[in-house]
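Input: a single structure, listed below in structure tokens.
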Amino acid sequence: RAAQRMARLRRFKKAQKAITNGLEAFPRNAHLLSVASDISRATGSYKRSLGFTNQLICHHPSNWVGYARAAQDLASLKRFNKASQTVGRGLRKFPNQALLLSIASDICRSAGNYSESLSHSNQLIQHHPDSWEGYARAAQDLASLRRLKKAKRMVNRGLKAAPHQAQ
């Protein structure tokens, strides 16, 4: 809590010291590793964050959060192939986890692979048909692929699934 409080106040050195002390006492604690990752990200240190997220995966392989965070860190470091592999490992364990599917789509988009992103968007629709996000992502992917009629139909499907969603 002290580290989170210091980070909110933008006192990152004190936050890092507090989280280091916590990790010395509880090196495998998932919450501490996540906060350490957050602090590292806030200071722009994605390599350091990646170290914490890899520990999170190692010590808590049944927790999807580590895979999501590691993939995001790798994408921030422009290591898209490794990011794709990491999120893929997470999706093999948690195939219907919405945030992992969204991150997988984002990674594909960053690499310019809109067809693969569309595949993840469609899986998001399949697993979460009442959520607007999959439809919006699929429509964006279809538009990027210049399949505008299908994109329009996808928007309409999304509006039927979530009629009150402004996005």
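The values are calculated or read from the model by the stated rules, or taken from the named source; none is laboratory data. Because the structure is predicted, anything quoted here is derived from the model rather than measured. Counting neighbours? That spans all protein chains shown, and the Cβs are built from the backbone with ideal geometry, glycine included. Only protein heavy atoms, including side chains, enter the accessible area calculation; ligands, DNA and RNA are left aside. Shrake-Rupley method; radii C 1.70, N 1.55, O 1.52, S 1.80 Å.
In table form, for the structure just shown:
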| read-out | value |
| --- | --- |
| Number of the exception - Pro61 against (1) out of contact with any Asp or Glu (no Cβ under 7 Å at 6 or more places or on another chain); (2) open to solvent by less than 60 Å² (accessible area, probe 1.4 Å); (3) touching a residue at least 12 places away in the same chain (Cβ under 8 Å); (4) in a helix (DSSP H, G or I) | (4) |
| Hits in the range 129-159 - residues which are within 28 Å of Arg79 (Cβ to Cβ) and either open to solvent by 40 Å² or more (accessible area, probe 1.4 Å) or in contact with a Cys (Cβ under 9 Å, 6 or more places away or on another chain) (or both) | Glu133, Gln140, Asp141, Ser144, Leu145 |
| Residues within the range 18-31 that are farther than 16 Å from Tyr67 by Cα and either in a helix (DSSP H, G or I) or among the hydrophobic types (A, V, I, L, M, F, W, C) (or both), tallied | 9 |
| Any hit, the range 96-112, residues being without any contact (Cβ under 8 Å) to a residue 24 or more places away in the chain and either within 18 Å of Pro163 (Cβ to Cβ) or open to solvent by 60 Å² or more (accessible area, probe 1.4 Å) (or both) | no |
| Residues being without any contact (Cβ under 8 Å) to a residue 24 or more places away in the chain and in contact with a Leu (Cβ under 9 Å, 6 or more places away or on another chain) - total across the range 150-167 | 5 |
| Residue match in the range 156-166 (condition: within 16 Å of the chain's Cα centre (by Cα) and of a type in the set (Gly, Ala, Ser)) | no |
| Flag for Gly88 being buried (at least 20 other Cβ atoms within 10 Å of the Cβ), of a type in the set (Gly, Ala, Ser) and in contact with a helix residue (DSSP H, G or I) (Cβ under 9 Å, 6 or more places away or on another chain) | no |
| Scope the range 131-163; condition closer than 18 Å to Ala104 by Cβ and assigned to a loop (DSSP other than H, G, I, E, B); matching residues | Ser131, Leu145 |
